[in-house]
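Okay, so here's the structure we're looking at.
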Amino acid sequence: MNRLGRYLSSMVLAIAVLAMPVTLIAQSTMPPAPYAYTQLDDPQQEAVARELMETLRCLQCQSQSIADSDAPVAGDMRHQVRVRIAAGEHPDEVRAYLISRYGDYISYDPQISTTTWPLFAVPVVLLLLAGLVMWRRLGRKGEAAT
Amino acid sequence: MIAEIGLAALWLAAALAALQLLAGFAGARAADGKAELAALARPAATLQAVLCAVAFLALLYVFAITDLSVRLVAVNSHSMKPFIFKLSGAWGNHEGSMLLWVTVMAMAGGLIALIERRLPERTMMATLCAQAFVGLGFYAFLLLSSNPFERLAEVPAEGNGLNPLLQDIGLAFHPPTLYIGYVGLSVAFSFAVAALLTRNVTPEFARVMRPWVLGAWIFLTIGITAGSYWAYYELGWGGWWFWDPVENASLMPWLAATALLHSVSVLAARDALRTWTIMLGVIAFSMSMLGTFLVRSGILTSVHAFAVDPERGSFILALLALYIGGALVIFALRAHTISEGERFNLVSREGALVVNNIGLSAILGIVLLGTLYPLLTEAFDVRVSVGPPYFNPVSAIFFLPMMVVLMVGPLLRWRRDEFSRIIKPVALVAAIVITVLIRVAIVNDISILSMLGLAFAAGLAVASFAPLFKRALHRTPLAIWGMCIAHFGIAVALFGMAADTAFQQERLVATSVGDVVEVGPWTGRLDSVKAVAGPNWTAMQANMLLSYNGGPELEAHPQSRNFWTPQMETSEVALLTRWNGQLYVAVGNQAEDGRWQLRLWWKPFVTFIWYGGLLIALGGGLALVGRVVGDLRRRRQAAEGFDDEDLDDASETVPTA
Amino acid sequence: MRQLRITLWIIVVLAAGLFGLFAYQLTQPKDDSVRSAMIGEPLPQFDLEPAFEGRPGLASTDFANGEPQLLNLFGSWCIPCRVEAPQLEALERAGATIHAIALRDQPQDVARFLEIYGNPFTRIGRDDISEIQFALGASGVPETFVIDGSGRIAYQHIGVITERDVPILLQELQRAGSGS
């Protein structure tokens with residue numbers, strides 16, 4: 001069973017008007033990659049891998065990380081992550097590798113760049129604004145009330 | 001026949017809404033709110049509630065008997081389905097859920113028309129007018145583009161079934177809960193617009209609006225809590241919050257409602273924050289509409305999106321632009337006519353509540369930005385993803401200071417206070433926070449956010465009951481109890497989140513029957529795997545025997561289920577709940593060598609997340625009962641000639657009195 | 001007061017912008033496919049075993065021979081791949097050299113698939129763990145890349161090749177041939 005299947009069938013449900021239940025995507029008979037459902041022996045490395053996997057987006061399930069998806073492609077990507085971490089790569093290198101293949105889409109952890117800077121600028125502006133509002137509303141009014 | 005009755009009732013209700021709009025408008029135009037036509041507004045609203053109830057019952061009926069000549073039933077139901085899911089199928093789809101929305105809205109409108117007599121008649125008429133205006137849009141949507149009672153020319157032999165993921169008791173009641181919350185906010189919106197138009201932003205108005213905000217907020221809290229638990233056990237990987245667009249869509253109205261709830265209290269008790277309260281009233285409903293739009297239009301990709309349709313999206317967008325755009329423009333034109341209200345000091349209850357409001361609004365802004373940002377870049381053909389690694393730390397920047405203020409705020413007096421007065425309880429709470437922080441930092445190697453979460457949870461747990469200190473408990477108003485319990489609920493939920501994030505243990509294994517598996521304090525083995533069947537599914541069920549720290553063996557039966565109408569595989573997890581956490585077991589596929597994929601998680605204190613959510617809702621419930629009883633008492637006293645309007649709120653003024 | 005009014009009008013404008021964005025996005029066709037970031041980059045290094053006995057395996061070095069070629073990703077278990085089979089044959093008849101990578105596939109399944117739906121492929125490598133799929137930045141199957149004569153990825157086609165896509169792919173092949 002997989003998230004893609006669910007995703008598709010929910011789409012199918014939404015679109016289909018009295019169509020017969022559509023046969024869903026067939027599954028590959030190939031067993032999942034070795035490290036798709038197997039943890040690394042070193043708990044430290046596994047923890048690092050796990051943390052990284054939670055921040056990588058599954059290609060087919062659309063809105064889920066590869067750490068919580070049953071889609072075969074997510075399993076294969078978990079294998080890639082675990083193998084690379086086990087080989088001593090830093091999580092940032094693995095992330096950078098995947099971004100070089102799929103663009104920023106693959107990572108749930110946006111880095112500051114020409115396309116993402118507003119994501120970081122806006123909270124700063126909000127922080128300043130919050131400070132300003134408090135200073136203006138409360139600081140001055142406080143004196144007035146005293 | 002029944003379906004036609006439902007449809008007729010709906011058209012009649014829409015006509016009455018038009019009448020209510022005109023009558024309310026006439027009333028709001030008249031100086032004293034009394035015009036000949038205006039007398040019709042209240043009956044029109046009441047009758048609408050009855051008609052919508054008839055329409056909704058008609059829909060339940062056609063689903064109950066699986067009348068396949070109705071298109072909606074044929075597409076979404078099946079004669080073999082369990083009865084309860086036949087009923088829940090009535091609102092488990094777009095048309096039915098919109099009918100539910102309209103019905104709840106009509107009920108709320110009817111209730112206001114029937115019982116609310118405190119506001120000046122002009123404001124009341126404007127409220128009913130606004131309510132009818134909002135209602136009409138939804139009637140139009142329902143009748144013109146999503147008719148739930150449409151018949152089929154050819155009756156099919158069998159229905160299509162309901163998405164198996166929705167065949168779940170939790171999810172059956174999850175959307176209605178959220179909808180009731182959204183509708184409650186629409187009532188608050190109508191009140192806010194009416195108060196703005198009739199220049200009547202007063203404490204009395206706040207007291208009238210407050211129960212609706214509280215009620216909506218309670219339902220939203222329950223809805224989000226239930227939704228999170230549903231995702232947790234249904235999706236099969238142990239996650240309880242994904243910052244998924246649909247989750248965010250339900251979180252945003254909650255954040256706005258929480259802010260509104262607090263600012264409306266300030267307005268009711270102290271006649272301050274007038275403009276801000278109106279603004280939040282508009283924003284809270286905007287977020288409900290926005291949430292509905294995002295979920296229904298399929299404009300954002302989400303695993304939770306079950307019923308998407310761009311055309312309907314356009315309709316909702318038009319309504320969104322009309323109501324929210326309209327309200328904002330009116331607000332911008334009228335805001336200067338509202339004076340700012342009473343003033344207060346930084347160190348005061350109002351000051352703390354302002355910090356709370358700013359924090360909540362900022363988090364709302366961040367969630368909104370993070371959710372919509374991918375949509376914005378997509379317009380420029382760039383695809384980005386924004387997920388937990390962004391939302392968690394960025395919202396924490398505002399959340400953590402709010403926690404500090406939350407611990408101190410309820411102890412402060414209204415208007416003006418000194419820190420020196422409350423230095424003892426503050427020092428105690430600070431000591432708890434710092435002790436926990438140091439202890440956790442020394443003993444465990446966990447992330448800084450989890451550490452802070454644990455420490456603040458401990459501090460807040462104590463601080464939330466500090467307002468009760470030195471009070472005569474049996475004479476403490478219910479609303480104060482409600483506040484304490486809701487704040488305590490936040491501490492409980494925060495503790496659950498931090499503990500699960502920090503101490504969760506995971507075990508993924510391929511096992512043969514008889515193999516031993518260990519995860520955290522649990523030891524277990526796979527006893528057998530067998531095929532089982534339900535009414536509309538078959539499953540492979542793993543029978544496991546597990547013991548906690550060498551204790552007695554407990555059984556767990558996770559399943560991998562295959563539904564056949566429609567065809568889909570789902571994972572039914574097994575949960576072993578202890579007071580201090582939950583063991584989460586899921587079974588996957590069988591490997592070529594015959595071994596079974598098992599996934600086990602030991603999740604310490606994870607249940608506290610949802611207990612906390614329920615406590616928050618319970619606190620809201622107590623406050624609601626307290627307020628309503630207080631209002632009734634006040635009304636009686638007013639009738640007997642007393643003139644003590646501020647009785648209830650004044651009792652909060654001096655917490656330690 | 002004036003500041004308040006200005007702030008409010010800013011909010012109105014922001015809301016209007018948001019509604020505009022929504023309206024625009026509603027009119028856009030929803031494209032959920034994830035595009036590769038490797039277009040214009042040299043093909044990643046790989047050397048794959050044959051996917052079944054009938055054709056040799058595939059290595060990245062097979063591409064840098066001066067001629068633009070197609071690289072098709074498929075799986076015998078993938079239903080859309082069956083749909084595009086006639087179009088691949090049409091491409092082959094039009095003179096294109098097509099190599100393929102079979103994803104997560106067993107040799108006997110590949111053999112049966114090609115027997116039923118035709119085999120327009122010159123070389124077929126096997127990728128059991130989607131490793132090369134990730135290296136290419138491919139989102140799934142079926143997917144087709146145009147590789148130019150120097151071994152650079154020139155074009156990516158996501159999903160089924162329909163009849164309308166055949167001339168587009170031929171044109172891209174030609175452009176890849178003349179451009180490098």
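Read the figures in this text as sums done on the coordinates, not as results from a lab. Remember, it's a predicted structure, so these values are computed and weren't measured experimentally. Note that each Cβ is placed from the backbone with ideal geometry, even for glycine, and that neighbours are counted across all protein chains shown.
From other protein chains only, count the Cβ atoms within 10 Å of every residue's Cβ in A:47-54, then give the mean.
Working: counts 2, 0, 0, 2, 2, 0, 0, 5.
Averaged over the peptide's residues, the number is 1.
What number comes out for the charge environment of residue B:454, summing +1 per Lys or Arg and -1 per Asp or Glu over other residues with Cβ under 13 Å away?
0
Is it possible to state the helix-based mean residue ellipticity at 222 nm for chain B, with each DSSP H run of 4+ residues giving -39500 (n - 2.57), the sum divided by total residues, to the nearest 500 deg cm²/dmol? What is it? It would help to have the intermediate numbers written out before the result.
On the way: 19 runs with 391 residues, N = 657.
For chain B, the value works out to -20500 deg cm²/dmol.
Have a look at B:138, B:554, C:10 and report the one farthest towards the positive end of the charge dipole of the protein assembly as shown, computed about the Cα centre with Cβ charges (Lys/Arg +1, Asp/Glu -1).
Of the listed residues, the answer is C:10.
Among B:97, B:230, B:626, whose Cα lies farthest out toward the positive end of the dipole of chain B, if unit charges sit on the beta carbon of Lys, Arg (+1) and Asp, Glu (-1)?
Selected residue: B:626.
If r is the Cβ-Cβ distance from residue A:44 to residue B:635 and R0 is 56 Å, what FRET efficiency results, to the nearest 0.05?
After rounding, the FRET efficiency stands at 0.30.
Let me know the mean shielding of C:123-129 by other chains, meaning the per-residue number of their Cβ atoms within 10 Å of its Cβ.
3
About its Cα centre, how strong a charge dipole does the range B:521-637 have in debye, to the nearest 20, once Lys and Arg get +1 and Asp and Glu get -1 at the Cβ?
Charge dipole of the range B:521-637: 1000 debye, to the nearest 20.
Let me know the charge dipole size of the range B:1-164 about its Cα centre in debye, to the nearest 20, where only the beta-carbon of Lys, Arg (+1) and Asp, Glu (-1) is charged.
Working: 10 positive and 10 negative charges, 89 e Å.
With Lys and Arg at +1 and Asp and Glu at -1, about 420 debye.
For the range C:98-168, state the semi-axes of the equivalent ellipsoid (square roots of 5 times the eigenvalues of the alpha-carbon gyration tensor), sorted largest first and rounded to whole angstrom.
Working from the Cα gyration tensor, I get semi-axes of 20, 16, 12 Å.
Only counting other Cβ atoms within 10 Å, I'd like C:46, B:63 sorted with the fewest neighbours first. Could the numbers behind the result be given before it?
Working: C:46 17, B:63 27.
Going from sparsest to densest Cβ surroundings: C:46, B:63.
What is the log10 of I(q)/I(0) for the range B:295-441, computed with the Debye formula using one identical point scatterer on each Cα and no solvent, at q = 0.20 Å⁻¹?
Values, matching the q order: -1.26.
Before anything else, pin down the relative contact order of chain C: Cα pairs under 8 Å, at least 6 apart, normalised by residue count, whole percent.
On the way: 322 pairs, mean separation 52.3, N = 180.
The normalised contact order for chain C reaches 29 percent.
What's the magnitude of the charge dipole for chain B around its Cα centre, counting Lys and Arg as +1 and Asp and Glu as -1 at the beta-carbon? Answer in Debye, nearest 20.
Working: 43 positive and 46 negative charges, 348 e Å.
The dipole of chain B has a size of about 1680 debye.
Please sort B:218-226, A:31-39 by packing, taking for each peptide the average over its residues of neighbouring beta carbons within 10 angstrom, highest first. Spell out each step's value before the answer.
Working: B:218-226: 24.4, A:31-39: 19.4.
In decreasing order of mean packing, B:218-226, A:31-39 become B:218-226, A:31-39.
Taking neighbour Cβ counts within 10 Å as the exposure measure, how do B:497, B:124 sort from fewest upward?
Numbers: B:497 22, B:124 27.
Arranged by neighbour count, lowest to highest, B:497, B:124 become B:497, B:124.
Which of the peptides B:464-470, B:126-132 is most tightly packed, and how do the rest follow, judged by the mean count of other Cβ atoms within 10 Å per residue? Before the final figure, lay out each step's value.
Details: B:464-470: 17.3, B:126-132: 28.3.
Answer by packing, highest mean first, reads B:126-132, B:464-470.
Could you work out, residue by residue across B:237-248, how many beta carbons of other chains sit within 10 Å of that residue's beta carbon, and then give the average as an integer? List each step's numbers first, then the result.
Numbers: counts 7, 2, 5, 0, 0, 6, 2, 3, 1, 1, 1, 0.
Per-residue shielding by partner chains comes out at 2.
Between residue B:144 and residue C:14, what is the FRET efficiency for a Förster distance of 30 Å, r being their Cβ-Cβ separation, to the nearest 0.05? Please list the in-between numbers first.
Values: r = 30 Å, r/R0 = 1.00.
Taking R0 as 30 Å, the efficiency between residue B:144 and residue C:14 is 0.50.
Modelled label-to-label distance, residue C:4 and residue B:334, 7 Å Cα→beta-carbon offset: nm?
Once both label points are built, they end up 1.4 nm from each other.
Given 0.36 nm per residue, what is the gain on full extension from residue B:435 to residue B:473 after removing their alpha carbon distance, in nm?
Details: separation 38, 0.36 × 38 = 13.68 nm, distance 2.94 nm.
So the chain would gain 10.7 nm between residue B:435 and residue B:473.
Mind listing P(r) for the protein assembly as shown? All alpha-carbon pairs, 10 Å bins, whole percents.
Reading the bins upward from 0: 2, 10, 19, 22, 20, 14, 8, 3, 1, 0.
Given B:479, B:489, B:437, which one lies farthest toward the positive end of the charge dipole of the range B:412-526, if we put +1 on the Cβ of every Lys and Arg and -1 on the Cβ of every Asp and Glu?
Of the listed residues, the answer is B:479.
So, R0 is 45 Å and r is the distance between the beta-carbons of residue C:108 and residue C:39; what FRET efficiency does that work out to, to 0.05? Provide the component values of the computation, followed by the final result.
Details: r = 35 Å, r/R0 = 0.77.
FRET efficiency, residue C:108 to residue C:39: 0.85.
Taking a quarter of the surface of the convex hull around the Cα atoms of chain C, what do you get in nm²? Please list the in-between numbers first.
Numbers: hull surface 54.8 nm².
Over every viewing direction, the Cα hull of chain C projects on average to 13.7 nm².
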